[in-house]
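Scroll down for the structure; my scribbles are underneath it.
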Amino acid sequence: MNEARKQRISDAFGAAAAHYDAYAGPQRLAATLVADLAQRQRPDGVTRILEIGCGTGFLTRDIQARWPGAELTATDISPGMLEQAAANGRVAGRFMTMDGEAPLFDGPWFDLILSSLAFQWFDDLEGGIARLARLLRPGGSLIFSTMGQGSFARWRAAHTACGLVAGVPDYPSLDALRGMVGSHADGFAFDEDYALACGGARGLIAHLKGIGAVVPSEGHRPLTPADLRRVMAAFEADGGDDGYQILFGRVTRPLSGTA
């Protein structure tokens, strides 16, 4: 794993923690859908839950409300985000700093592992899913959302129109995610599109900075001021708004205990 990149991600989200909620519209919606899917899958009989990438606690609070008797461990790569989530006062759980791609647990332990919009920061998404799936008890499910290939399509297109490459990471397609979860029992994936009203390029940049999503793809070189102005103009000529494609996935450990 690229430890230097992971540290940059942690620092960026920590810097955004105090104002994250004001910019996180699609993030709220995705977290609610993850919780809905989990409740349909395991409405009861849940004693231990692990959350990966809790952020400021959108999904964390929902988990607490739906399974108030479960033992909740909420994790995030950013200590600043964890501090924000824990300070809310409406969650009784254990908060710990952890890279979800390298979980600090061993063997089947959790009835539910839930995550909303954190897996896109994994270096190896397929491997990360497999490692987390091994932490499930028989009958337990991993349910998550992550960014899809169609996210920020207009911002990417504006770069292409200028002969440039956007720093937005390369997210997987829905078919690619289906391939990753397809080898697991009960593997299932679908996508949802969420509009993002930016009001222009500055609004999109403010949104990305507001949620801490400012670490570019590996090896990307920042644009010159002149190139950035060209991209911003192209983006606004195409309407000045953008959107998220969010992928949702589920895998379940068979009751036999076989991974």
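The simple spin-label model puts a point 7 Å past each Cα toward its Cβ; for Ala226 and Asp186 those points are separated by 5.7 nm. Of the complete DSSP H runs in the chain, those spanning 24 angstrom or more by Cα along the long axis with a mean Kyte-Doolittle score not below -0.5 are 25-41.
Across all Cα atoms of the range 153-259, the radius of gyration (one decimal) and Dmax (whole number) stand at 17.7, 60 Å.
Note on the range 88-157: the alpha carbon radius of gyration divided by the globular reference 2.2 N^0.38 Å gives 1.32.
In units of the rule-of-thumb radius 2.2 N^0.38 Å, the range 67-108 shows an alpha carbon radius of gyration of 1.23. Taking the number of Cβ atoms within 10 Å of each Cβ as an exposure proxy, the fewest-first ranking of Val214, Val231 is Val214, Val231. Cβ-to-Cβ counts within 10 Å put Val46, Val34 in ascending order as Val46, Val34, the fewest first. Calculated from the structure at hand, Rg and Dmax of the Cα atoms in Å is found among (i) 21.8, 73; (ii) 18.0, 56; (iii) 18.3, 60 as (iii). Extension gain, Glu3 to Asp44: 0.36 nm times the residue separation minus the Cα-Cα distance gives 11.0 nm. Taken as Cα centroids, the range 135-167 and the range 59-133 sit 20 Å apart, rounded to the nearest whole angstrom. Secondary structure note: in the range 104-259, about 75% of the DSSP beta bridges are antiparallel.
Of the residues Ile52, Ile77, Ala35, the one whose Cα sits farthest towards the positive end of the charge dipole of the range 1-134 is Ala35 (charges of +1 on Lys and Arg Cβ, -1 on Asp and Glu Cβ, taken about the Cα centre). Rounded to the nearest 500, what is the chain's calculated 222 nm mean residue ellipticity when only DSSP H runs of at least 4 contribute -39500 (n - 2.57) each, over all residues? Dividing the helical sum by the residues of the chain leaves -11500 deg cm²/dmol.
Neighbour counts of C-beta atoms inside 10 Å place Ser10, Ser141 in the sequence Ser10, Ser141, starting with the fewest. A simple spin-label model places pseudo-atoms 7 Å from Cα toward Cβ; at Ala157 and Asp36 they are separated by 2.7 nm. With the Kirkwood sum run over all distinct C-alpha pairs, the range 12-85 has a hydrodynamic radius of 12.7 Å.
Every number here is computed from the coordinates shown, using simple stated rules; none is lab data. Note that the structure is predicted; figures quoted are calculated from it, not measured. Methodologically, a virtual Cβ is constructed for each residue, glycine included, from the backbone with ideal geometry; neighbour enumeration extends over all protein chains shown.
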